[in-house]
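A quick write-up on the structure given underneath.
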Amino acid sequence: MAIVLISACASTPMDPTAALTEAQEAIASAEQLGARQYAGAELDEAQQQLKKAEGFVSKEQMVDAERFARQSLVAAELALARTESAKATAINREMTHGADALIEEMRRTGDQQ
């Protein structure tokens with residue numbers, strides 16, 4: 001009896017709704033953060049994988065839909081990470097430039113005294 005239940009569970013494909021929702025939300029977050037500018041290729045990949053997942057849902061191929069939804073999520077998360085990294089690098093560069101300008105100004109002020 002237990003073997004029948006296990007095999008029945010194994011053959012029933014999971015509903016990929018949660019994975020699709022996670023991927024859609026991650027893509028939306030990446031877009032809001034500006035990923036198009038900093039990680040356009042990764043964002044495009046996430047959107048393409050999501051479309052594939054949705055196509056498999058319409059064909060009722062839920063295992064493939066789940067797989068592509070997960071791939072979409074990973075690509076969107078990579079886009080988010082690259083965008084955050086690029087923005088942090090830009091802020092660091094600005095702060096370094098500002099600090100260099102202050103040091104130069106202090107030198108000039110010190111030389112005048």
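Under the combined filter of DSSP loop state and at most 14 neighbouring Cβ atoms within 10 Å, the range 12-113 retains these trypsin sites (Lys or Arg not before Pro): LYS59. Sorting LEU33, LEU20, LEU78, LEU102 by accessible area puts them as LEU102, LEU78, LEU33, LEU20; the probe is 1.4 Å, largest comes first, and only protein heavy atoms count.
All C-alpha pair distances within the chain, sorted into 10 Å bins from zero, spread as 15, 27, 19, 14, 11, 7, 4, 2, 1, 0 percent across the bins. Please report, as a whole percent, how much of the solvent-accessible surface of the chain comes from carbon and sulfur atoms (probe radius 1.4 Å). On the chain, the fraction of accessible area on carbon and sulfur atoms equals 58 percent. On a per residue basis, the chain carries 70 Å² of accessible surface, using protein heavy atoms and a 1.4 Å probe.
Taking a straight line from the alpha carbon of LYS51, these aspartates and glutamates sit under 17 Å away, with near neighbours fewer than eight places off in the same chain left out: ASP15, GLU22, GLU25, GLU31, GLU42, GLU60, ASP64, GLU66, GLU77.
Under the criterion of Cα pairs below 8 Å and six or more residues apart, the relative contact order for the chain equals 31 percent.
The values are calculated or read from the model by the stated rules, or taken from the named source; none is laboratory data. The model shown is predicted, which means the values in this text are computed figures rather than measured ones. Backbone-built Cβ (ideal geometry, glycine too); neighbour counts: all protein chains shown. These accessible areas exclude ligands, DNA and RNA; they are computed on the full protein's heavy atoms, side chains included. Shrake-Rupley method; radii C 1.70, N 1.55, O 1.52, S 1.80 Å.
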